[in-house]
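I have placed the structure first, in the form of structure tokens, so that the comments after it can refer back to it.
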Amino acid sequence: MPSKTSAEPRSRRARNSLTVDAILDAAEQVAATGFEALTVRAVAVALDAAPMSLYRYFGTKDELVDALLNRVLGRFTAPQETADWPADLAAFARNHQQLLRDHPWAITPLIGHPYPGPNALPIGEAALRILERAGITGDAAVAVFSGIVALNYGWSSFVLAREATEAFSGGGEVELPPAPPEFPLTAAVVGPMNRYGSEDHYERTLKQLLAGIEADSRR
């Protein structure tokens, strides 16, 4: 009887067949399963390539992460400029928040890598251009821009945590327990508190923030 032969080893992708875009595509697919899963080895497995072959394009994991986050920021869409700068600033905030909502895995690493690459610059430039039209420049403009960005990162993190809790509990909405009687004001808003992170609450918060910015611009 002919002897049984072992299965041939799986051939790996040729090193020169890789591209930066292919690596980033694979890295994003891995990151979308959970950013903590993103390693050079995991990306190499997704590409059917040897891990060492990726170092020809990215010297370290940090370089790969920065390139991936820079790619995400490059998907930001600046709002169309109108004669209404407060409306434009609101559109900027919503577009930025939508970018984070579209890439939930990138929220936490972007907080730790606020400038992963040059694609961060057009985002700030778009906001500063709107604020300049309102006469808001210098420290005041940086403070406003930082406040909007902080709102979006904080809000998106809040929503992401809630969604993770709901998924862990089986997909149903997580409701807060009734507050004890010694906290009557909290007890009175249990319903609204159960809607924290909603788009309605975001719009209310953004409206209040923009009202303060607009009022300050008139001083």
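The values are calculated or read from the model by the stated rules, or taken from the named source; none is laboratory data. Since the structure is predicted, the reported quantities are computational estimates derived from the model, not experimental observations. Glycine also receives a Cβ, built like all others from the backbone with ideal geometry; neighbour counts cover every protein chain displayed. For the accessible areas, the whole protein counts, side chains as well, though only heavy atoms, and no ligand, DNA or RNA atoms are used. Shrake-Rupley method; radii C 1.70, N 1.55, O 1.52, S 1.80 Å.
Here are a few things to note about the model shown:
- Some residue of the stretch 145-157 being at pLDDT below 90 and either assigned to a loop (DSSP other than H, G, I, E, B) or open to solvent by 40 Å² or more (accessible area, probe 1.4 Å) (or both): no
- Pairs where the first residue, in the stretch 178-207, is closer than 27 Å to residue 147 by Cα and the second is of a type in the set (Asp, Glu) and open to solvent by 80 Å² or more (accessible area, probe 1.4 Å), C-beta under 6 Å, 6+ apart: 194/175
- Flag not set for residue 211, criterion: open to solvent by less than 30 Å² (accessible area, probe 1.4 Å), over 24 Å from the mean Cα position of the chain (by Cα) and either among the polar types (S, T, N, Q) or within 15 Å of residue 90 (Cα to Cα) (or both).
- Only one of the numbered conditions (1) more than 14 Å from residue 78 (Cα to Cα); (2) hydrophobic (A, V, I, L, M, F, W, C); (3) surrounded by 17 or more Cβ atoms within 10 Å (Cβ to Cβ) is violated by residue 130, and that is (1).
- A single entry from 123, 111 fulfils the requirement of being among the aliphatic types (A, V, I, L, M), modelled with pLDDT under 95, assigned to a helix (DSSP H, G or I) and closer than 19 Å to residue 69 by Cα: 111.
- Between 104, 118, 86, 114, the distinction of being open to solvent by 20 Å² or more (accessible area, probe 1.4 Å) and within 17 Å of residue 32 (Cα to Cα) belongs to 104 only.
- Filter result for the condition that a residue is part of a helix (DSSP H, G or I) and either open to solvent by less than 40 Å² (accessible area, probe 1.4 Å) or more than 30 Å from residue 213 (Cβ to Cβ) (or both), over 58, 76, 92: 92
- Any hit, the stretch 179-201, residues being surrounded by 13 or more Cβ atoms within 10 Å (Cβ to Cβ), under 20 Å from the mean Cα position of the chain (by Cα), part of a helix (DSSP H, G or I) and hydroxyl-bearing (Ser, Thr, Tyr): no
- Inside the stretch 113-128, residues that are of a type outside the set (A, V, I, L, M) and free of Cβ contacts under 8 Å to residues at least 40 places away in the same chain make up a count of 4.
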